[in-house]
1. If we sort 73-79, 392-398 on the protection proxy, mean other Cβ atoms within 10 Å, highest first, what's the order?
2. Report the gain in length on full extension from Leu43 to Cys560: 0.36 nm times residue separation, minus Cα-Cα distance, nm rounded to one decimal.
3. Test of understanding: what is the full-extension gain from Asp150 to Ser113, defined as 0.36 nm times their sequence separation minus their Cα-Cα distance?
4. Going by average Cβ neighbours within 10 Å, how do the peptides 542-554, 411-423, 320-332, 220-232 rank, with the highest at the top?
5. From Cα pairs below 8 angstrom and at least 6 apart in sequence, can you work out the relative contact order of the chain, rounded to a whole percent?
6. Scan around Gln614 for amide H atoms under 5 Å from its own, H built in the peptide plane at 1.01 Å from N, and keep only partners 5 or more places away or cross-chain.
7. Expressed in nm to one decimal, what extension gain is obtained for the pair Ala372 and Glu601 from 0.36 nm per residue of sequence separation less their Cα-Cα distance?
8. Which part of the range 297-326 falls in the paramagnetic zone of Ala634, meaning amide N under 19 Å from the point 7 Å along Cα-to-beta-carbon?
Amino acid sequence: MSSFDWIVVIAGLALLAGISIRALLCQKRDEDYFTGGHHSSVLLLTSFSFGSGTCNDSPGMIAASTWRSGLSGLWWQFTWLLVTPFFWVLAPILRRIRAVTTADFFLVRFGRSAAILYCVLGVLISIIIISGILFGSSRLLNTVSDPFFDQFSDQLQIRYPMVNLNYAQNQQPLLAFRPLQGDAVAALFLAAFLMLCGLVGGLRAGLLMDCVQGVLQIGMTLLLLPVLLSRLGGLGAISRMQWLKPGMMDFVLDLDAKRQLVDPMTPTYVATIGAAGLLGMLAHPHLAVVCGSASTERDVRAGFTAGNLLKRIMSITWGIIGLGCIIWYLGPESPLATTATSAEVQLQAELREAATADVDLLEPHEINRLNATDRRFSDRVFGLMIRDLLAGSFPGLLGLCTLMLIATAVSHCVVQMVTGSALIAIHLCRNYLLPDQSDSVYLLIGRICGPVIVLLALILQMTFHDIGDFLRLFIRIPAIIGISMWMGIFWTRWNVISVWTATMTGLLVSFVCGFFPGEVWTTFPGFRQIMFEQTADMIILKDSWALILTLGTALISGICITLIQEYNQEDLLEFFYRAIQTKVSPENRDLRISEFSFSDEDTVIPSISFWGLQIPGPTRGGTLGFLLTLVTVAAIIIATRLLTRLL
């Protein structure tokens, strides 16, 4: 990067730090650090749900998934599009919980032990999300700013221990030492800066920074896409060159698809991760907190739905950029070929082989080698495209893209750091460990726990070999505990015993599937052909079947224990269902759930009750909004398919 690019980056970092200071000055109570003040507007919520709706939807991750899977890689993002209509219905319910943390939901609905269980898993989810963001963003940042972080790491000459999470499958040592490289230094920089911003500004700083990074994402995407298409030869160039990666324009692969990826985006896999996304969407620690920060129910409905739809629309452009990267880097005009260094020429040859090879004709070690090369390159392809496309262009553009990557990572992680620390400080300490303390004490605890969460995430991301290691954790853990949130809202018989049974069963089965696939192989001999990929030296359980086994056993075990035992929680049920049926009025929008009480003046939305089920009663606004969002989702999917025919 040029000196002017670095000036832009430094000025942007100063702006983000200033936003954090502004958020600090706006905090009227100590608790506002964790809640954002309950005054978030529809614009702020829209920008938040656009920026932090999920963490696997940043431009770099979408470009990586489309590089690996072609157009069907968009389904990693479109699975969240499928559940977007439910945000319109569920967002006001989460607002009515009046939660400071998502654990408040479990406390009010199931009791103390379930809330403690969620606190543990909620902090774990925050750590996993931050680790995935740091992993992906650090590689992009190191690539765009090359060779800055690599040169810095070379001067340090440090080695650190790495735990191999997939040692049961790849037969590599459980613990090894790896030299500290530029990626790790970039991750350390991001971690330090996000801790600074988060400790100063709290949740509202993350929300405000989402506004900044959202504008940067949209602006830089609208700049990068036409420039890349022009470099490729205009509209139609991608379709003409799709022979470089056979099947890259398939929106959904057929059931017999079998290439380098263990789980191609077949209808079965799309349905599986879609179901897991639907189950887990409520369990993310930040969701109930940010919904609770809204001024009105209308704001939270409109903000969350509009932001998520905007995110999915922008993801289409990021997917097209990923397709363009396939043509650019595998084609004859590839920057890898024009530089003519032996290492990059060899890299392009291996990438081309990975894109076209028939895995049935390759030896296991060749498949592993090509897969490793392709995955490593995919994690960096968005950063490489930015660097190669903008290098030597208008001064400052490369710096703006670098700032976009930093702002995206920091805003995501600040929200996760604050909500994770709130679970410890506000819920565990205030209710159990250190009750009856002042709010300033809990604020101090939260500011201590936040950096610890980030440090644990930093350690975890160093164990990842590629972004797939993160995605497997990101999908499974929230879905396991999310089962109890869904059941808690709609089924009155689901109780604290059901929560513990379903959650512990799901975690146990997930552990077995991840570390001991041989046990699954032995248990289901009749399903080996469809559940496993078998090579000469190992067996690999498909991710789709690992999800089916994990979530299926969790749900079935919870239902069975619920049906065979009676557990009376009538006192909790009455308060909980009255709370989620009572609309939030302007005069009591700042009330916590512990301060909420019934009043004859409350506006109550009745529920439909039958067979122990409690279905929120339909309202005109809720029904019309849900149907309109559903139609919009269908239109986006159809438009995506039609649009790609023009490429």
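1. Details: 73-79: 25.6, 392-398: 15.3.
Packing proxy ranking, top to bottom: 73-79, 392-398.
2. On the way: separation 517, 0.36 × 517 = 186.12 nm, distance 4.40 nm.
Net length gain for the segment: 181.7 nm.
3. Working: separation 37, 0.36 × 37 = 13.32 nm, distance 4.71 nm.
That works out to 8.6 nm of additional length.
4. Values: 542-554: 21.2, 411-423: 31.4, 320-332: 23.0, 220-232: 16.5.
Averaged packing, sorted descending, gives the order 411-423, 320-332, 542-554, 220-232.
5. 29
6. Answer set, sorted by chain and number: Trp491, Thr492.
7. Numbers: separation 229, 0.36 × 229 = 82.44 nm, distance 6.26 nm.
My answer for the length gained is 76.2 nm.
8. So the set is 309, 313.
The values are calculated or read from the model by the stated rules, or taken from the named source; none is laboratory data. Treat the numbers as computed from the prediction; the structure is a model and nothing was measured. Counting neighbours? That spans all protein chains shown, and the Cβs are built from the backbone with ideal geometry, glycine included. When the accessible area is computed, the model is the full protein with side chains, heavy atoms only, and any ligands, DNA or RNA have been set aside. Shrake-Rupley method; radii C 1.70, N 1.55, O 1.52, S 1.80 Å.
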